[in-house]
Each structure stands twice: as C-alpha cells, then as structure tokens.
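Okay, so here's the structure we're looking at.
Quick note: the coordinates plus some simple rules give every number you see, no bench work behind them. This is a predicted model, so every value here is computed, not measured. Here Cβ is always computed from backbone atoms with ideal geometry, including for glycine, and neighbour counts include all displayed protein chains.
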Amino acid sequence: MRERDADAADQGSTDAAQQVDVVVIGAGQAGLSSAYHLRRTGFEPDRDFVVLDHSPRPGGAWQFRWPTLTYGKVHGMHALPGMELTGADPSRPSSEVISTYFDTYERTFDLQVRRPVDVRAVREGEAGRLLVETSVGNWSTRALINATGTWDRPFWPRYPGQETFRGRQLHTAQYSGPQEFAGQRVIVVGGGASGTQHLMEIAPYAAATSWVTRRPPVFRDEPFDENIGRAAVALVEERVRMGLPPRSVVSVTGLPLNDAIRQALEHGILDRLPMFDRITPDGVEWDDGRRVDADVILWATGFRAAIDHLAPLRLRAPGGGIRMEGTRVTADPRLHLVGYGPSASTIGANRAGRAAVRDIRQLLARDPLEVAA
C-alpha cells in the first residue's frame, strides 16, 4: 500500500491538505458499505481512505427518525455487508436499533469514521486530485465516494398563500410522533410511505385528518418480488443515465397494500384529495370552491439529494441531474455517487458500495497483489 507523504499537512490546517487515495463522505448505509469494501480489499482507514460524517453519532439518517417508527414497522431494511442484524426487538424505535447496529459495525470493522465533520465543498485540487474542504481541515484525494443521502435536504413545495397560513407547517424531517397533533385538524401532503404512516398514526389523536397528493396513489397488492424490484431500479437508473433528477424507487413501485393500509382505507383515513390550488390563513382551497380548514399542514413530500458541496465541480447535466453510469459520474470517473438514484435503498446501497470500490481500484491502477499486501 502507498506510504503517507512525509510532508502531509496536519488535519487542523486550512491551508494544506492530508493526502489519501479515497474520501468517503457520509456514514449511513451507503457510506459504511463503501468503507467495508475498501477495507476488505486492502485499503487502510486513515492511511489510504477516510470516512467523514456530518452526523453527531453512528446511525446515518436513521438516528433522526421519529420514535413511533419502531423496527417492526421498517420495510426492507437489509443488513450491511459482512454482518447481519439479528435479535432486534421489533417494538424498539428503529432509530435506536439501527444506530446501535451501525455503531457496532463501525467498531467491528475498524472503519474509524470521523464525526462530526461538515464537508463544505469539493473542488479541483492539484495534480489531478480532488480537494475536499471541511470544518476540520482539508483532504486531497484521488477518488471520492459521495454517500450523503437526502435527509439534510427536505423538499418543501411552494404554493400561493403559503406564508399567510396561521397554523403550523412542518416536514417529515421534523415529525416526532402523533401525540403532538391531539385535537388538531391536520392536512398531510404526500403520497409516499411516510405520508401514509403519518396519517395512520395521527388519525386516532387528531380532531380531523385530510390526505392530499399530487397524483392518485397506487397501491400494490402483489408481493414485491425481485423482478418488480429490478424493473423499478432500471427505470430510476435510466433517468440518471440521461442526466435527469432521480425519482424514488417507491414512486415507481407504488405502496404495499398490507393489512394496516387496508384497514385505513376501510375507515376513510386514506381517502385522498387532489392537490389544492392555494393555502389560506385557515387552511387550503381548490379552484372549484372546495376548502379544508386546518391547524397543521404536514409536508410528507420527500427529500432531495444532499450534494450542494459538489457544486464547484459543475456536474449537473442540462436536464438538472447528474449523468451517471452505474455509480460513476460520467463527466468525472474519480467521483462515485452511492445511495443516489437507483442505489437509494438499503440493498441498493450495499451493491453500489461494492461496485464503486471495484471501479475505483481500476481507476487507481492498483495491482491486486499490492492491494492484498
């Protein structure tokens, strides 16, 4: 393996940079999967690669989930590579279960994640390297795996009159449980899994709930098998290949029609209204004269990729997204986006981490025997 340059700068300096082969930004599922595969193929943490995480502790975005989202309610949580998640209590909050699992994983494989570290910008460095500027100093790297996910970029739609609403507006990212809505009239906006979960939790507490979505919801009655999953991922992958902003896999597959959803449909909790045309001080209105009064508007409208720190590299295509082949950015083979677009799921992130490391090994022209040494 490469020896660290003798004149490598101290981490705390903002005028110089430590040199590594790979920087991984983010330590959620995608970042830890990537770090695992780097470690497994011979890269040494803190010498050949470094993992930088914005969050204060292990757990990725899971650590911020609301307490009533118990582990038993989590759909499709796949274990990280090399270590299963076993014996978890389904009644415990998923934030606790998965954060503990990630913490154990980091220590088991000695990934040496640095946190909290805010990555401020990634720009061109010297001698064909990338310069990663952070709150604790800079790193100079030959390749970069971006695994920053979406949690830090909640999407808030804008509608006429929004600033006049006298009640409370909040996003899924700020949701802490249903009890705070007791006795209130709540409008939930959004047709994804979070929106339906919020509605089903809030309904027993609220004075009234309304569900508003931009498109009619699609409920999937058939089992979500491997073929359906592959087809959904392929559709999202085609978008990023064309340089378009990625859509979520859920937007392609629809919502699973499980027992809880069926019961909510029967009780009218999931009676969907089309998107309103404006927000008033007391609620929302449609052009046809319909109105709904509300105390709260809860925006379950999803998230966008947290990639503003990559802006200096000018990666966006005319379509507004980043054109990619697999995990590799087409315009710059030094960059891989893991947990972005088609790999924005727990199983997708695992596979993408492995693929990114394989490509980076080829990029760095490493001899397999040298890597294993």
**Prompt:** Can you work out ³J(HN,Hα) from phi for every residue in the stretch 88-99, in order, using Karplus 6.51 cos²θ - 1.76 cosθ + 1.60 and θ = phi - 60°, giving whole Hz and x for Gly and Pro?
**Reply:** 6, 6, x, 8, 7, x, 4, 4, 6, 4, 6, 5
**Asked** Given +1 on the Cβ of Lys and Arg, -1 on the Cβ of Asp and Glu, and no further charges, what dipole in debye does the chain carry about its Cα centre, rounded to the nearest 20?
**Response** 580 debye
**Message:** For a quick size check, give me the Cα extents of the stretch 36-192 along its three principal axes, largest first, whole Å.
**Reply:** 58, 43, 25
**Message:** What would the Debye equation give as log₁₀ I(q)/I(0) for the chain at q = 0.07, 0.10, 0.15 Å⁻¹, counting only Cα atoms as equal point scatterers?
**Reply:** -0.35, -0.69, -1.33
**Item:** Quotient of Cα Rg and 2.2 N^0.38 Å for the stretch 252-366, N being how many residues it contains
**Value:** 1.60
**Complete:** 1/(1 + (r/R0)^6) with r = Cβ-Cβ of MET275 and ALA127, R0 = 51 Å, i.e. FRET efficiency to nearest 0.05, evaluates to 0.50
**Request:** Please work out, to two decimal places, the log10 of the ratio I(q)/I(0) at q = 0.14, 0.15 Å⁻¹ from a Debye calculation in which every Cα of the stretch 113-172 carries one identical scatterer.
**Result:** -0.62, -0.65
**Prompt:** Quick one: if the Förster radius is 22 Å, what FRET efficiency do THR41 and ASP89 give, using the C-beta to C-beta distance and rounding to 0.05?
**Reply:** 0.05
**Prompt:** How about the stretch 116-174: which chymotrypsin sites (Phe, Trp or Tyr not before Pro) there are in a DSSP loop, with at most 16 other Cβ atoms within 10 Å of their Cβ?
**Reply:** PHE155
**Asked** What angle, in degrees between 0 and 90 and rounded to the nearest 10, separates the Cα long axis of helix 29-40 from the longest principal axis of the Cα atoms of the chain?
**Response** 20 degrees
**Fill in**
Here D for the stretch 280-333, in µm²/s, from Stokes-Einstein with a Kirkwood Rh over Cα pairs at 20 °C and 1.002 mPa s, works out to 141 µm²/s
**Asked** Which Cα, out of ILE360, ALA203, GLN18, lies furthest along the positive dipole direction of the chain (beta carbon charges, K/R +1, D/E -1)?
**Response** ILE360
**Reference-scaled alpha-carbon Rg (2.2 N^0.38 Å with N residues) for the stretch 138-214** = 1.49
**Prompt:** Given DSSP loops and a limit of at most 13 other Cβ atoms within 10 Å, what is the longest stretch of the chain that contains no such GluC sites (Glu not before Pro)?
**Reply:** 127-373
**Complete:** Per the Kirkwood formula over distinct C-alpha pairs, the hydrodynamic radius of the stretch 63-114 in angstrom is 11.6 Å
**Message:** For GLN263, project a label point 7 Å along Cα to C-beta. Then give me every residue of the stretch 191-213 with its amide nitrogen under 14 Å of that point.
**Reply:** 197, 200-205
**Asked** What full-extension length gain, to one decimal in nm, is calculated for ARG304 and SER135 as 0.36 nm per residue of separation minus the Cα-Cα distance?
**Response** 58.6 nm
**Request:** Return the tail of the calculated pair distribution for the stretch 66-154, meaning the percent of Cα-Cα pairs more than 14 Å apart.
**Result:** 75 percent
**Item:** Unit charges at the beta carbon, dipole of the stretch 74-188: most positive-side option, SER140, LEU85, GLN169
**Value:** GLN169
**Complete:** Taking every alpha carbon pair in the stretch 105-144 and sorting the distances into 5 angstrom bins from 0 up to the bin holding the longest one, the percent per bin comes out as 6, 22, 21, 20, 16, 11, 4, 0
**Request:** For every helix of n ≥ 4 consecutive DSSP H residues, a contribution of -39,500 (n - 2.57) applies; sum these over the chain, divide by its total residues, and give [θ] at 222 nm rounded to the nearest 500 deg cm²/dmol.
**Result:** -7000 deg cm²/dmol
